[in-house]
Each structure stands twice: as C-alpha cells, then as structure tokens.
Amino acid sequence: MTGSETRVLRYADWTISPERDASGHLLPPERAVQCKDCDAAYKSSEQIGTDQWALQHTGLTGHRRYRELVEAPLIVRPAPTNPLAEQETTS
Ligand SMILES: [Zn+2]
C-alpha cells in the first residue's frame, strides 16, 4: 500500500473503428516502403507511389528486397452504453 491512494475500477464498453475526418470520410491509410538491404524508405498515400519508388531504388542501387508498411488510423470511442458516450455527443 502506498498511503491514501484510492482507485475506482468499473466496467465500461468501448468500440474501435477506422478513424474519419470531420466530413465523415475514412482517413486514408499511410503507406511506406522500406528497402531491407539499406533501410532507405519512402512514404506515400498511394501504393503506386511506393511501388514506383522501389522500382527506381532498385534501378539506382540493385537492392531488391523491400517491406511495405501500411498504417490505418483507428479510433476508440465509448460505446452507447458507456456513460462517457453522452458527454462526447453533447460537446
Ligand atoms: Zn536499398
């Protein structure tokens, strides 16, 4: 025990879903391709951009091994049964 510390723990429902902008459109995933031979990397919102970069990188360096990284924005929100849900819809 560490003195007078008090904690209240209770169960609440939460949801997780893709994040949207203020207009309700899904935020696009961010893409990156990274060379596994030298760690050079390139980011683009479209796969064609990362593919083209990798092809150019191979042409310049001879490196042929890559990893693609895709980051999809997610958001956690209180479920309708969560007491915080009403606070978030009124603010
Ligand atoms: Zn490389």
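The values are calculated or read from the model by the stated rules, or taken from the named source; none is laboratory data. Keep in mind that this is a model prediction, so the values were computed, not measured. Neighbour counts are summed over all protein chains in view; Cβ atoms, including those assigned to glycine, are modelled from backbone coordinates with ideal geometry.
Numbers for the structure displayed
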{"item": "Answer residue from the stretch 54-75, given it is in contact with a Cys (Cβ under 8 Å, 6 or more places away or on another chain) and in a helix (DSSP H, G or I) and is farthest from the ligand (Cβ to nearest atom) among those", "result": "A54"}
{"item": "Residue in the stretch 46-53 that is among the acidic types (D, E), in contact with a strand residue (DSSP E or B) (Cβ under 8 Å, 6 or more places away or on another chain) and away from the ligand (no atom under 16 Å from the Cβ) present", "result": "yes"}
{"item": "Residue under evaluation P28, criteria (1) outside any helix (DSSP H, G or I); (2) of a type outside the set (K, R); (3) modelled with pLDDT of 95 or more, criterion not met", "result": "(3)"}
{"item": "Neighbours by Cβ (under 8 Å, 6+ apart or cross-chain): first from the stretch 21-46, free of Cβ contacts under 8 Å to residues at least 24 places away in the same chain; second among the charged types (D, E, K, R)", "result": "L26/E19; L26/R20; K43/E30; K43/R31; S44/R31; S45/E30; S45/R31; E46/R31"}
{"item": "The stretch 36-62: number of residues that are in contact with a helix residue (DSSP H, G or I) (Cβ under 6 Å, 6 or more places away or on another chain) and modelled with pLDDT of 95 or more", "result": "1"}
{"item": "Set A79, A72: member being aliphatic (A, V, I, L, M) and free of Cβ contacts under 8 Å to residues at least 60 places away in the same chain", "result": "A72"}
